[in-house]
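Asks: Quick one: structure below, then a few questions.
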Amino acid sequence: MLGLFCAMAWTAPALPAGFEVGQRWQYRHEGPRPGSVEPNAIDGERIVRVLSAGEGPEATQWTIEERFTRDPRIVGRLYVGQDGLLAAIEIENEKGETARLRYDPPAPYRPVEMKAGERRTIETTLRMDSANFGLPSTTVIERLEDQTLTTPAGQFTDCLHYKSTSTSTVDIKIAKIPITEERERWYHPAANGMIKEVYRRGPFKFLGWSREGYTATSTLTAHGKEEVPPTSEVPAQPVAESRDRAAPTPSQPKPSGPGRKAILLFTAVVALAIGGILVRRARRT
């Protein structure tokens, strides 16, 4: 497996709106990369930063990058609009190859406001147009009682506390492969984002191949703003918001043969890793 990218979903009204280029969050990470198929611990640091703000189809679109210091092979980038909607994600491997996936329509990057004890069911589909691939998933999000956390970055009083459980099924010709994930997260406006995440993945089985479940934890160690070096800047790439199939970009030709099969599998597992926390539309249960 190439590895996976797990994006963070942040809560809406309680956090400042929008982002600033140079914003950075650093976490102490324990366990595997969240969403990865292999339960191999990477530990180290998890880094999230805002790289750029370009012009999207209608307004500013931010490029947000995430990487892990002890698993540098995979870099993930999110394209978030000024309206807080996530238009697309892009995953790059160690060879510089990218897989681009979009939300149809764009999905809220920050979940809607919820009261303690409230639950909502989220339906989402992540698509890869160049491979004519789409993966739906269903996530149940619950707002838990606020908690105060003390981390290396300081004490955060009355953190917003959420738990989400995601179920997805990879439907291929010879089998349907169910995947389950659970995420527990704490957020605080002082950090404009996530303070802690506990990720739990259920066991995985496909025909004679199986992997055990695992737990991974990320805890905030620092946050702030830094100058983004010119070599690190990635211009935000506008993404069409049409429900119809979009044309592949020149930098990502349609794969074929064995490469197409590999990228389809990669896409499916990536989608399962992040589909449960990037919200499309919410409805009260």
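Asks: Using +1 at the C-beta of Lys and Arg and -1 at the C-beta of Asp and Glu, which of C159, G208, L85 has the Cα lying farthest in the positive direction of the dipole of region 83-232?
Replies: Sorting the options by dipole projection puts first G208.
Asks: Count neighbours as other Cβ atoms within 10 Å of each site's Cβ, and list the GluC sites (Glu not before Pro) in region 179-230 that are DSSP loop with at most 16 such neighbours.
Replies: Details: sites: E181, E182, E184, E197, E212, E226, E227; in loops: E212, E226, E227.
Counting only loop positions with at most 16 other Cβ atoms within 10 Å, the GluC sites (Glu not before Pro) in region 179-230 are E212, E226, E227.
Asks: Another question, then. What does the convex hull of the alpha-carbon atoms of region 82-140 project to on average, in nm²? Walk me through the intermediate numbers first.
Replies: Values: hull surface 22.5 nm².
Result: 5.6 nm².
Asks: Still on this structure, I have one more. For region 108-176, run through the trypsin sites (Lys or Arg not before Pro) and keep only the ones in DSSP coil with at most 14 other Cβ atoms within 10 Å of their Cβ.
Replies: K115, K173
Asks: Efficiency by 1/(1 + (r/R0)^6): what FRET value for A116 and Q155, r their Cβ-Cβ distance, R0 = 22 Å, to the nearest 0.05? Please report the intermediate quantities before stating the final value.
Replies: Values: r = 21 Å, r/R0 = 0.94.
Between A116 and Q155 the formula returns 0.60.
Asks: Then there is this: Please identify the GluC sites (Glu not before Pro) of region 72-153 that satisfy two criteria: DSSP loop assignment and at most 15 other Cβ atoms within 10 Å. Which are they? Please report the intermediate quantities before stating the final value.
Replies: Values: sites: E90, E92, E94, E97, E113, E118, E123, E142, E145; in loops: E94, E97, E113, E118.
Sites meeting the loop and neighbour criteria: E94, E97, E113, E118.
Asks: In addition: I need the phi-derived Karplus couplings for region 62-68: 6.51 cos²θ - 1.76 cosθ + 1.60, θ = phi - 60°, integer Hz, Gly and Pro marked x.
Replies: Running phi through 6.51 cos²θ - 1.76 cosθ + 1.60 with θ = phi - 60° gives 8, 10, 10, 10, 10, 8, 10 Hz.
Asks: Also, I was wondering about something else. Pairs K115/K163; K176/K205; K163/K196; K163/K205: which exceed 19 Å Cα-Cα? Mind dumping the intermediate values first?
Replies: Values: K115/K163 13 Å; K176/K205 10 Å; K163/K196 12 Å; K163/K205 24 Å.
K163/K205, as the Cα separations exceed 19 Å there.
Asks: Pull up the cross-link candidates among the aspartates and glutamates for K225, meaning alpha carbon to alpha carbon under 19 Å and not fewer than 8 places away within one chain.
Replies: E20, E45, E65, E66, E233
Asks: Let me ask something additional. Could you please state, rounded to a whole Å, how far the C-alpha centre of region 167-191 is from the C-alpha centre of region 67-123?
Replies: 13
Throughout, read-outs are computed from the coordinates displayed, never taken from laboratory work. On a predicted model such as this, the values are computed, not experimentally measured, just so you know. Backbone-built Cβ (ideal geometry, glycine too); neighbour counts: all protein chains shown.
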